[in-house]
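For reference, the structure is listed below as structure tokens.
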2 protein chains.
Amino acid sequence: MNGAHSLVKTLLAAGVDTCFANPGTSEMHFVAALDQIPGMHCVLGLQENVVTGMADGYYRIARKPACTLLHCGPGLANGLANLHNARRARSGIVNIVGDQATYHRPFDAPLTADTDGLARTVSAWVHTSTHSADLGQDAAMAVRAASAFPGQIASLILPANVSWDEGGVVAQPLPVPAPPAVDGQVIDGVARVLRQAGGKALILLSGAAVFAPAQALVWRLAQASGAAVLAEYGASHLQRGQGRMALERVPYGMEAAIKTLARFEHIILVGAKPPVGFFAYPGMPSTQYPDSAQLHVLTRPEQEPMTALQALVDALQAPQAAIPDAGPRPEAATGAPTPEGLARTVAALMPEGAIVSDESISYGRGFYPHTHAAAAHDWLHLAGGAIGDGMPVATGAAIGAGKQRRVINLQADGSAMYSLQSLWTQAREQLPVTTIVLNNSRYNILIGEYKGVGATPGATAMQMLDLGNPSICWVKLAGGMGVEAARATSMEECARLMRASFAQPGPFLIELII
Amino acid sequence: MNGAHSLVKTLLAAGVDTCFANPGTSEMHFVAALDQIPGMHCVLGLQENVVTGMADGYYRIARKPACTLLHCGPGLANGLANLHNARRARSGIVNIVGDQATYHRPFDAPLTADTDGLARTVSAWVHTSTHSADLGQDAAMAVRAASAFPGQIASLILPANVSWDEGGVVAQPLPVPAPPAVDGQVIDGVARVLRQAGGKALILLSGAAVFAPAQALVWRLAQASGAAVLAEYGASHLQRGQGRMALERVPYGMEAAIKTLARFEHIILVGAKPPVGFFAYPGMPSTQYPDSAQLHVLTRPEQEPMTALQALVDALQAPQAAIPDAGPRPEAATGAPTPEGLARTVAALMPEGAIVSDESISYGRGFYPHTHAAAAHDWLHLAGGAIGDGMPVATGAAIGAGKQRRVINLQADGSAMYSLQSLWTQAREQLPVTTIVLNNSRYNILIGEYKGVGATPGATAMQMLDLGNPSICWVKLAGGMGVEAARATSMEECARLMRASFAQPGPFLIELII
């Protein structure tokens, strides 16, 4: 058995059955092994940031890692931005990065690059396999690293000769270590804070603490203590809609965030980090909470929150309390497109169990209040701030859900141009993804930020901020990649197209002129 | 004066007057400075690999560095593959990478990444500016590093507060050190080899040694000594056509390369590296030259070749000899598209002074023999092997030529999908670029390489190698980005569209079904 065969069999044995791929010459023996050994669903992306973004979206929904297949240092480099986002989203991914044969590397052939150095910038675990006999074990370690709660990036660099040499040994899956436990003293301390200062306390959630089971406990804590509850701005994945809390996130804007957090004397972090600005601004602090606020860590991001939350509920003797009904669904909006109208229409029409991939950037800041009463759904955010993950995450999420759930991609146009090749994979795999491109023909967020400089953008600045010359036609772009598409200029048209798309199995793109 | 203003003024003083950009929030003060200080041509790319690839193409034609404007570590990451290619092409580029404010970095906000670590993987020079008062001098050093012969990647990391803080000082341009000289003993040694074993010697050229002035000297050396002459496979930029040598490159394929080089006892490297395989293959050597061959370094890549070549001509007393006429231009081909037919048609129709950006991959291996008799032109290759530079390099080359020369982009479809956003910039800047997408709906090079594994690709392998499901319509993709386009299925149609495109100023795309 060659190394590549041992690799594929080890991955399958560990439950990794989906491979997002863009192969090259040095991976041909791995591709052949994937071809010859049944069981791996191989999904081609036409640029590597699509590949890695799909792996992120897949993990968020399937809750188990897929592998990627990337070609040498430059192929990895192309996928780094979405690995950065996946790292911030705490998604588990096993990158398999093909590379020069070990003995060929010193010759510095053209594609030779610092693959290890590139991988280290985003990975919790990096290893270059050097012998076919070790490759199975190396792969088992990679899967274990990727599966560590709540998910990590593991990068296994695979020199071509390690793939093709004989002597491969299939490795059994390795047990994933349990997340670090939460000490009873921590529970006692947080319980005391909630008892004594509940009305001045904020419970700030992220990670698994914004999933529905945790929300049921957090709601009881809030009811018993009077504490407020928010999700971290960078939370990558909220479970929302009917039966879930009407959670808001800490606002993106620095001033709004500071204002929101000003009244809290205690901030209890449940999988969340202390809230800081996305960027620094002249004369503004880096942190968004008052200097006087006390921070209490109930769980770090790498600690499982359910046990701690249950212990806190017990310590507070928080009574049973059901999350209240969010009321009737909103009606679909009419008239000219507005952020509120779009949010209401999405809430009105989205099917039960839908997944929203939200890279709406400036247009989507206010979507939440109008979508609390939607059917139960998962809402995915850009956690790392590197634009270009909305479309790949939507694509991977659809695969992670076994094509059984409708994915709605609320997608700003500037970010959409970063990884538009996703649409081709959606067509190839016939995925149930409805993309709504919010076409305002500009980097609107930056025009807002520019004003913070204290000036109005002139001709040269607009040359770098405006996307309207030439205007981009998303209907043509989608059509060029085999995705049916149509333009909407009113909410009625948008709603009609959404309904039609939700009723058919494959992908569809709505270009909403805003 | 704030730091950003001192940066822009320093760049302009050093002759850097073109900025390929994709900005973000942390660069807004830099964008404002570019807006307020006249003189910089700012060119937006809708993904960073387009931005960096444009800077590469610009340098190859303008022979002076442009700057890039990239947003934080992830923005740099998106552009790394084409910086890898630019490094291999030995192009000079000044990257300006905006980043978190120095004091905000420890807070690990979402976009925070190992910007320095990422930059080091491709750069000869990396520096993070830390004070506004130093930024001008830092920029002058970056331009000097980028300008070092034959060109280098210099990356200046610009924290937001260094941009906005007052105290900026404009720096004067720094003198660029002369390239290391070639010792007389080296000249004598190579002259002796050519005298004694000319018929068994190969002069292997790359870099400036494949430009027309060097060719005039090399031709005399070859005539006087009987030595053969080839260009390195990885040569990024050949000057070709009427008045230039009918140079071939060392073949890409390992077996063909070994066969080509087998007869040489001496290989004289002029800016070239010892020829090695692009990849390793089982049972094949890494090097392409015979074990018995002697390698002689006339000039390293970072040494200027003209002085050494002239000294060698003098040492050999090589008589004056004009490069012979390449004969009449071929006629445009007719009938079904073939590689030879396309090459002949390009040679027949290309205007004097055209620039060819060639990322034709497997289809273009045999273009050279049929294009020697074309009008004088520049032919640009993918030097680093990371696909996705053909379109951005074409775009940047057109800007580097002041929009005064026709650029012909011979572009494989798989690679084209990597950086198709280039077309939008071509439309925005109204660049004279004619793109010929060679649509075979597959990663054809990989299907060839797969056969080397000793198997025929099955369904799963083809799922990763075939681009035909769904088929990509390049006419729609181009139209979606404002570039006029048409499909050709015969060489007559292709020739007609080429003629029409060459006669009008802006971009055009021909989708050639091959």
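The values are calculated or read from the model by the stated rules, or taken from the named source; none is laboratory data. None of the values given here were measured: they were computed from a predicted structure. As a convention, Cβ positions derive from the backbone with ideal geometry for all residues, glycine included, and neighbour counts pool all protein chains shown. Accessible surface areas use protein heavy atoms only, side chains included; no ligands, DNA or RNA. Shrake-Rupley method; radii C 1.70, N 1.55, O 1.52, S 1.80 Å.
Put simply, the amide H of A:V43, placed in the peptide plane, has neighbours under 5 Å in A:C19, A:F20, A:A21, leaving out anything fewer than 5 places away on its chain.
Here chain B carries DSSP beta bridges of which approximately 10% are antiparallel, counting only pairs with both residues inside. Which of the listed residues, B:T434, B:L312, B:G400, is farthest toward the dipole's positive end in segment B:304-436, when Lys, Arg count +1 and Asp, Glu count -1 at the beta-carbon? Positive-end residue among those listed: B:T434.
Leaving out ligands, DNA and RNA, what percent of the accessible area of segment B:381-427 is carbon and sulfur, probe 1.4 Å?
Numbers: 270 of 590 Å².
Heavy-atom surface of segment B:381-427 belonging to carbon and sulfur, 1.4 Å probe: 45 percent.
Under 17 Å of direct C-alpha separation, and excluding same-chain neighbours fewer than eight residues apart, B:K259 reaches these lysines: B:K200. Dividing the convex hull volume of the alpha carbon atoms of segment A:184-316 by its residue count gives 98 Å³ per residue. Burial of accessible area (probe 1.4 Å, heavy atoms of protein chains only) in segment B:24-53, relative to its chain alone, reaches at least 40 Å² for B:T25, B:M28, B:H29, B:V31, B:D35, B:C42, B:L44, B:L46, B:Q47.
Each copy carries a label point for B:E493 at 7 Å from Cα along the beta-carbon vector; from one copy to the others these points are 3.1 nm apart, nearest first. In chain A, the beta-carbon sitting nearest the axis that superposes A on B belongs to the residue given here with its distance in angstrom, A:K476, 2.
If you filter segment A:334-440 for GluC sites (Glu not before Pro), then keep DSSP loop positions with at most 14 other Cβ within 10 Å, what is left? Don't skip to the end; give the middle numbers.
On the way: sites: A:E340, A:E352, A:E359, A:E429; in loops: A:E352, A:E429.
When the GluC sites (Glu not before Pro) of segment A:334-440 are filtered for loop state and at most 14 Cβ neighbours within 10 Å, A:E352 remain.
Heavy-atom accessible area, probed at 1.4 angstrom with all protein chains present, ranks B:H71, B:H127 as B:H127, B:H71, highest first. Each part reduced to its alpha carbon centroid, segment A:24-42 and segment A:439-460 end up 47 Å apart.
So how strong a dipole does the protein assembly as shown carry about its Cα centre when Lys and Arg Cβ are +1 and Asp and Glu Cβ are -1, to the nearest 20 debye?
660
Label-point spacing for A:E340 across the identical copies (point 7 Å from Cα in the Cβ direction), in nm and ascending order: 7.1. Chain A against chain B buries an accessible area of about 8200 Å², both chains summed, 1.4 Å probe radius.
Hey, if we sort B:D17, A:D413 by accessible area with the 1.4 Å probe, largest down, what's the order? Don't skip to the end; give the middle numbers.
On the way: B:D17 55, A:D413 10 Å².
Sorted by accessible area, descending: B:D17, A:D413.
Heavy atoms only, probe 1.4 angstrom, no DNA, RNA or ligands counted: give me B:Y368, A:Y233 ranked by accessible area, highest first. Kindly include the intermediate steps, with their values, before the conclusion.
Values: B:Y368 15, A:Y233 50 Å².
If we order B:Y368, A:Y233 from most to least accessible, we get A:Y233, B:Y368.
The lysines whose alpha-carbon is closer than 30 Å to the alpha-carbon of A:K9, local same-chain residues fewer than 8 away aside, are A:K64, A:K403, B:K451. Computed with a 1.4 Å probe over protein heavy atoms only, the accessible surface of the protein assembly as shown comes to 31 Å² per residue. Remark: label point of A:M306 defined 7 Å out from Cα along the Cα-Cβ vector; separations to the same position in other copies 7.3 nm, ascending.
Among residues other than B:N2 whose Cβ falls under 12 Å from its Cβ, what is the net charge (Lys/Arg +1, Asp/Glu -1)? Kindly include the intermediate steps, with their values, before the conclusion.
Details: positive: B:K9; negative: B:D165, B:E166.
Charge balance near B:N2 sits at -1.
For a test of the definition: using alpha carbon positions, the gyration tensor, and the 1.5 limit on a/c, classify segment A:282-438 as rounded, prolate or oblate. It comes out prolate by the Cα gyration axes.
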